[in-house]
Amino acid sequence: MASKFGLAGGLPERRVRPIWDAIDSRQYKNALKAITTLLAKYPNAPYVLALKALVLERMGKPEEALSVCLSAKELLFLNDSFLTDDLTLSTLQSVFQRLDHMDFATSCYEYACGKFPNHLDLMMGLFNCYVRENLFVKQQQTAIKMYKLAGEERFLLWAVCSIQLQVHYSDGGEKLLLLAEGLLKKHIVSHSLHEPEAIMVYISILEQQAKYRDALEVLTGKLGSLLTVEVDRLRIQGRLLARAGDFADAANIFQKILELRPDDWECFLHYLGCLLEDDSYWCTEENVDPIHPPKKVLCKISPLSDELFDSRISNASAVVQKLQEDSQNKLLRGLFFANLEIERRKHMHGKGNDEKLLGALTDYWVRFGHLACFASDVEMFVEVLAPDKKTELLENLKKITPSASIITTKALGQSMTLLRLQVLCGNMFHRSDSELEHCAVQMTEIYCKNLPLSKDLDPQESMHGEEILSLICNLLVELFWRTQKFGYIIEAILVLEWGLTIGRYAYHYKILLLHLYSYLGAFPMAYEWYKCLDVKNILVETATHHILPQMLVSPLWVDLSNLLKDYLKFMDDHLRESAEHSFLAYRHRNYSKVVEFVQFKERLQNSSQYLVAKVEESILRLKQHAHSIEEEEAVLENLKSGIRLVELSNEIPSKPLTFNEDFQSRPWWTPTSEKNYLLGPHEEISYRARENLSQDLEAGVRRNIERRSLLPRMLYLSVQSVSTSIKENFEINGSLSDPKISTELKNLLERYAKMLGSTFENAVELVTGVSDGISSYKDFGTNLVEWFNFAVFLNAWNLSSGGCRSRTWHIVDSLLEKYIWEGVASLESTIFTPYENIRTLVQVVSEPLAWHGLILQACVRSSLPSGKRKKKTGSAELSSSPLYLALRDSTQSLCSTLEALLKWLIVNQSDDGKLEAILLSMQNDGNNDGPGQVFQILETSTSSMDSTELGHWITGAFKCWNTVEVARKLVTGKHVVLNEFIKNCESKFKSVQKLKQQLSQI
């Protein structure tokens, strides 16, 4: 800090201290009061103004804060003595950063450094600003200046790291790397290196240039002694040897590491890859997605001859065998895991022995079969086996698994692992319905028998056998998919809700419930369980996908708004502050983390979910205010008339997208938000593969973001074009249509049609054909709502371009009227109706119908006489004009359509009989098949146990259980969704009725 002793920002510290204390305790009003008093005495003190700006920003007054910051900046530029005060500059930087005006903070430091070019603290502040703005070239230049000024090693390494970042994000990598290497070599000659991180940076620079031999010389030379941990040094040496193609020496190095750390699985993979020369993990690790890592080791088939392969794989087996014989290594998983990998490589080379692999798997089971990770451990090895060998493996494991009557945590763990393996091998889902039911019943009995094992656990701890209820739920959902008996899905919900009464922290129960409630359209319950997940920090990015897609198509706009605001706030704050991590890495000399932090920030910036949320948040605001053209225009003004979103749409084709969602946590029936098996007919899925989901998603998500980004701009242009067109048509001094608006709207419509897989002409032909009944709504495919949007904006463009106006009005009216009437006629109103049956109807009302209503409002508003404006014609002639008739007919069509929809919704709003239907769906009248068996066992088995068996807290939790209340929550959840949809329809119906009254005045 550049302030003198006893001073803060050039002011006595005793005067500033109360302000700091008030800010730290979040008493911003008191802080502002103290600042006002201090400003009266020191009106030209930039630090006091900086503090005021800081307080205003914390109070949620960004515009005032920016104005005060700019005033403080002007004072700084007027008096050079203030420029050396780092406290003032750093405070301004903090506020400018929070206000997304980091460029202003940078200009302050640039000006200060220009005035005081040899001031090291100012230069470090400037470097910090460049780090925050990702200005890598300027970072490098500033670091070089500091290095020349102070001669410190750290500043040279700052410059080298900045060069590495340029290599990652720009062209000219070879020359830049040579420059970095030259700088380091020159420094080594004159000063050597003194930090372990320094040699790591030097080696990475050489590695990036494929100078592996040079890097090895550095590592094995005098500088290598900086790396004091032998294993770390050996690991780098082995990697460099492998990349240099010296596989034999690399294998020896990795063998040394294994002797030091026998349980190092990654090291064993390096060792085996070098031994077999099969281009394995060490050569592909840079291309591995850290969010969605592959489940198997990436390697090619070994190029070695059969004889050499046999020799080397035998050597690997001998090394593992020798390490296993050491008594200290008896319980290490890595060595037994290594045997499995050796057998897998043999299979890949065509020399596999199923019996040996089965033996290795059985041996691994005996030692570690009780662990929860066993199934995921052996997944890639089980895949190698043929179906009959998988069945043989399961039979062998069943024989050595303890009887279900033995109640121990280890026996329970093995029983659960065996169940997971059956799912993994696909055997579970190939069974008949009755076998699947029997399996679910057996699982339930195992769970109930072992429940006493958890009686001494803390309520926040995971229950023993907790995952069994998840497996039962999966089986019940499978049975529902096969039989379409909704009792199974109700039973699955009850099982999970029951499990959460005693295990409130079982996150996987909550995720399963969230998706089941979403499927049935009980979004309030789904959203409540999402909130109960208590997602925090970066998990907000990886877990929001569980609820966001469903909420985007629901009528719960208040909850959706809160969800989007919370998500976007977290992401924006994190991106704004993430540069702080990079600068801390610089300051703490952890240079290897600098590139990692920058890459992580870039990954978040390119998050597909983040882009979707930004676009949908804007569209949601438009939907919420669609009942009023005046309110909608205010929203559009805040959105800069949709221009920024069009710019985003233009960037999407070339913008890299990242998918940070944790797909592995999703239920099997909905592996992505775009896929839900339950919505289609039952099909055989032997294994629910989840790898490479992001690759399959990318094209669709990219196209969706690009298309949806155009909506706000098309709506703005439509309102503007029809308003000017109507005025021109109805008034003597009316505004002339702006041809630029019509042209831009036409261009966007052409782009929109292209994104729907059509040309503009073919798109017009299709919507016309569907409107006339020549084509079917099915011809729109899955993008029906987007096609309706196209038709609505096409009508607006046609009106402004002087085309056949009544024709396109009829197209839009017919599309909306027919679809909604047909939808209402085909809908079933039962508690079991999936939300998918009504989803498109909700979207049609929320978007194309809403946009059409806004265009009608714009037309009618422009048609009404106001002030001293005069009409071209008399009222009788005007009321018979084609345009007026089109407006009247369209308004009447919209009014009658909404009225019919509202009548159906209100009639079916009643909850009569729905609760009884839920409870009856699980009654099997004493039969040993059908829904209800599993939950009946849960209730009867646990009710017969007392507190001595289960413990007081589990017994107390069961006393709170009420099946009827859980069923009622489902009814209430669906009722809330329907009620919100009714509110949306009523607001639109009222606005259309108002339009009818206004039209009667024309």
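Scan Leu622, Leu604 and give me the residue that is within 23 Å of Val540 (Cα to Cα) and at pLDDT 90 or above.
Sole residue among the options that is within 23 Å of Val540 (Cα to Cα) and at pLDDT 90 or above: Leu604.
Identify all residues within region 500-540 that are at pLDDT below 95, under 21 Å from the mean Cα position of the chain (by Cα) and of a type in the set (Val, Ile, Thr); write none if there are none.
Correct list: Val535, Ile538, Val540.
Here is a list of conditions, (1) within 28 Å of Cys985 (Cα to Cα); (2) among the hydrophobic types (A, V, I, L, M, F, W, C); (3) in contact (Cβ under 8 Å) with a residue 40 or more places away in the chain; (4) in a helix (DSSP H, G or I), and Ala626 meets all of them except one; can you say which number that is?
(4)
Given the criterion within 22 Å of Asp946 (Cα to Cα) and not hydroxyl-bearing (Ser, Thr, Tyr), identify the matching residue among Glu491, Glu466, Glu478.
Glu466
Being buried (at least 17 other Cβ atoms within 10 Å of the Cβ) and either at pLDDT 90 or above or not in a helix (DSSP H, G or I) (or both) is true for just one of Gly238, Gly245. Which residue is that?
It is Gly238.
When you look at Val366, is it surrounded by 19 or more Cβ atoms within 10 Å (Cβ to Cβ) and in contact with a helix residue (DSSP H, G or I) (Cβ under 9 Å, 6 or more places away or on another chain), yes or no?
In short, no.
Taking region 940-960 as the search range and keeping residues that are open to solvent by 40 Å² or more (accessible area, probe 1.4 Å) and under 38 Å from the mean Cα position of the chain (by Cα), which one is modelled with the highest pLDDT?
Top of the filtered list is Cys960.
Can you pull out every residue in region 311-327 that is open to solvent by 60 Å² or more (accessible area, probe 1.4 Å), in contact (Cβ under 8 Å) with a residue 12 or more places away in the chain and either in a helix (DSSP H, G or I) or small (Gly, Ala, Ser) (or both)?
Within region 311-327, Asn315 is the sole residue that qualifies.
Residues of region 828-868 being surrounded by 15 or more Cβ atoms within 10 Å (Cβ to Cβ), more than 30 Å from Ala917 (Cα to Cα) and at pLDDT below 90, which ones?
Answer for region 828-868, where residues must be surrounded by 15 or more Cβ atoms within 10 Å (Cβ to Cβ), more than 30 Å from Ala917 (Cα to Cα) and at pLDDT below 90: Cys859, Val860, Arg861, Ser862, Ser863.
Identify all residues within region 183-207 that are exposed (fewer than 12 other Cβ atoms within 10 Å of the Cβ) and among the aliphatic types (A, V, I, L, M); write none if there are none.
Residue satisfying the conditions is Val189 alone.
How many residues are closer than 18 Å to Pro882 by Cα and among the charged types (D, E, K, R) when one looks only at region 759-817?
3
Check whether at least one residue in region 888-908 is in contact with a Leu (Cβ under 7 Å, 6 or more places away or on another chain), closer than 30 Å to Tyr505 by Cβ and open to solvent by less than 40 Å² (accessible area, probe 1.4 Å), and report yes or no.
no
Is at least one residue of region 477-496 without any contact (Cβ under 8 Å) to a residue 24 or more places away in the chain, more than 28 Å from the chain's Cα centre (by Cα) and surrounded by fewer than 20 Cβ atoms within 10 Å (Cβ to Cβ)?
Checked region 477-496: at least one residue is without any contact (Cβ under 8 Å) to a residue 24 or more places away in the chain, more than 28 Å from the chain's Cα centre (by Cα) and surrounded by fewer than 20 Cβ atoms within 10 Å (Cβ to Cβ).
Would you check if Ser454 is free of Cβ contacts under 8 Å to residues at least 24 places away in the same chain and not charged (D, E, K, R)?
So Ser454 does not fit the description; no.
From the list Glu174, Glu152, pick out the single residue that is at pLDDT below 90 and within 23 Å of Ala198 (Cα to Cα).
Glu174
What about Glu57, is it surrounded by fewer than 19 Cβ atoms within 10 Å (Cβ to Cβ), at negative phi and acidic (Asp, Glu)?
No: the conditions fail for Glu57.
Would you pick out the residues in region 446-473 that are more than 17 Å from Ala372 (Cα to Cα) and surrounded by fewer than 20 Cβ atoms within 10 Å (Cβ to Cβ)?
Listed by number, the residues that qualify are Cys448, Lys449, Pro452, Lys455, Asp456, Leu457, Asp458, Pro459, Gln460.
Could you list all residues from region 248-269 that are open to solvent by 20 Å² or more (accessible area, probe 1.4 Å) and among the aromatic types (Phe, Trp, Tyr)?
Result: Trp265, single match.
Could you look through region 780-827, keep only residues that are at pLDDT below 85 and closer than 16 Å to Val842 by Cβ, and pick out the one that is most open to solvent (accessible area, probe 1.4 Å)?
Going through the qualifying residues, I end up with Ser826.
Out of (1) part of a helix (DSSP H, G or I); (2) without any contact (Cβ under 8 Å) to a residue 40 or more places away in the chain; (3) polar (S, T, N, Q), what's the single condition that is false for Ser775?
It is condition (1) that Ser775 fails.
Tell me yes or no: at least one residue of region 679-695 is modelled with pLDDT under 90, in a loop (DSSP other than H, G, I, E, B), more than 22 Å from the chain's Cα centre (by Cα) and of a type in the set (S, T, N, Q).
yes
Just one of the numbered conditions (1) farther than 30 Å from His194 by Cα; (2) open to solvent by less than 30 Å² (accessible area, probe 1.4 Å) is not true of Tyr586; which one?
With (1) farther than 30 Å from His194 by Cα; (2) open to solvent by less than 30 Å² (accessible area, probe 1.4 Å) applied to Tyr586, the lone miss is (1).
Among the listed residues Leu177, Leu156, Leu149, Leu126, which satisfies the condition of being more than 30 Å from Leu89 (Cβ to Cβ) and either touching a Cys at 6+ places or on another chain (Cβ under 8 Å) or touching a residue at least 12 places away in the same chain (Cβ under 8 Å) (or both)?
One residue alone meets the criteria, Leu177.
The values are calculated or read from the model by the stated rules, or taken from the named source; none is laboratory data. Since the structure is predicted, the reported quantities are computational estimates derived from the model, not experimental observations. With ideal geometry, Cβ positions are generated from the backbone for all residues, glycine too; neighbour counts draw on all protein chains shown. Each accessible area value is taken on the protein alone, full model and side chains, heavy atoms only, with ligands, DNA and RNA left out. Shrake-Rupley method; radii C 1.70, N 1.55, O 1.52, S 1.80 Å.
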